[in-house]
Amino acid sequence: MNERPPEASASDGVVLLHGISRTARSFRRMELALQATGFATLNLDYDSRRKPLDALAEDIHPAIELFANGRGGAVHFVCHSMGGLLARVYLARHRPSRLGRVVMLGTPNGGSEIADRLKDFSAYRAFFGPAGQQLGTLRDAATAALLPRPDYPLGIIAGSRSIYPIASVMLPRPHDGRVSVANTKLDGMADHIVIRSSHPWLVRNKEAIAQTIAFLREGQFAKDAR
């Protein structure tokens, strides 16, 4: 994007939800860009490897509720990887009254084939915990019920580069090394875009950051930057 996006209302806020095994630090570059554009931010840490999605949604609720109640404008969500699934669970249970727009980066909305292949290995189960078992493409009825179709403005950013040569053979192309582009998509999404970035770097990619801000401001990605 060549032009600086219009500034947000001083009362608009953005909740940032990192991916599994990551921390709020992974979103720092995105957070600073959002703040420079005028958004207040809540960049949350949560125990992504210790609890299932429904329990994590309850863990993050008090902080988000306090943040939302302190805003006079919209409350948006920007999420990376599993953070997008957590947002879907959270918004189905605790939707803010002034919910704005949602951006997901590399979220396995249709699941990840890598999780399918590794979920029964003890090392995977030990490292990624209960939520890691909910990332596969074949979801049981209980997990599927946690993830209803979104009825809010949703923009999805997918990556098309990989830095994982071994994991790449498990995924249909194109993919970002962790999630296929096809499995980032979701019925009811408002817009979808693919950028040349690997999964872990989506949150730091300049184009992804610019497109995130564009969607939060306009409800669609910037077509001249595609």
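The values are calculated or read from the model by the stated rules, or taken from the named source; none is laboratory data. Keep in mind that this is a model prediction, so the values were computed, not measured. Every residue, glycine among them, receives a Cβ derived from its backbone with ideal geometry; neighbour counts consider all protein chains shown. Just the protein is used for accessible areas: all its heavy atoms, side chains included, with ligands, DNA and RNA removed. Shrake-Rupley method; radii C 1.70, N 1.55, O 1.52, S 1.80 Å.
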Mean separation of Cα contacts under 8 Å (6+ apart) over length of segment 181-226, as relative contact order %: 35
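What percent do you get for the relative contact order of the chain when only Cα pairs under 8 Å and 6+ apart count? Walk me through the numbers before you get to the answer.
Details: 479 pairs, mean separation 47.5, N = 226.
Averaging sequence separation for qualifying contacts and normalising by length gives 21 percent for the chain.
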With every protein chain in place, the chain: carbon and sulfur % of accessible area (1.4 Å): 50
Cα shape, segment 68-125, gyration tensor, a/c 1.5 rule: prolate
J(HN,Hα) series, segment 15-23, from Karplus relation 6.51 cos²θ - 1.76 cosθ + 1.60, nearest Hz, glycine and proline x: 8, 10, 10, 6, x, 5, 6, 9, 10
Where labels lie 7 Å past Cα in the beta-carbon direction, separation of Gln133 and Lys51 in nm: 1.7
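What accessible area per residue, rounded to a whole number of Å², is obtained for the chain using a probe radius of 1.4 Å? Don't skip to the answer; put the middle values down first.
On the way: 10230 Å² over 226 residues.
Roughly 45 Å² per residue, with all protein chains present.
Given a Förster distance of 22 angstrom, what is the FRET efficiency for Glu65 paired with Ala36, based on the Cβ-Cβ distance and rounded to 0.05? Kindly include the intermediate steps, with their values, before the conclusion.
Working: r = 26 Å, r/R0 = 1.19.
For Glu65 and Ala36, the calculated efficiency is 0.25.
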Candidates Val169, Val78, Val203, ranked by Gaussian network fluctuation over the chain, Cα under 10 Å, top entry: Val169
Distance histogram in 5 Å bins (all Cα pairs of the chain, percent per bin): 1, 7, 16, 21, 22, 17, 10, 5, 2, 0
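Could you compute the FRET efficiency for His94 and Val169, with r as their C-beta to C-beta distance and R0 at 35 Å, rounded to 0.05?
On the way: r = 39 Å, r/R0 = 1.12.
Efficiency computed from Cβ-Cβ geometry: 0.35.
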Spatial separation of Cα centroids for segment 102-147 and segment 9-69, in angstrom: 20
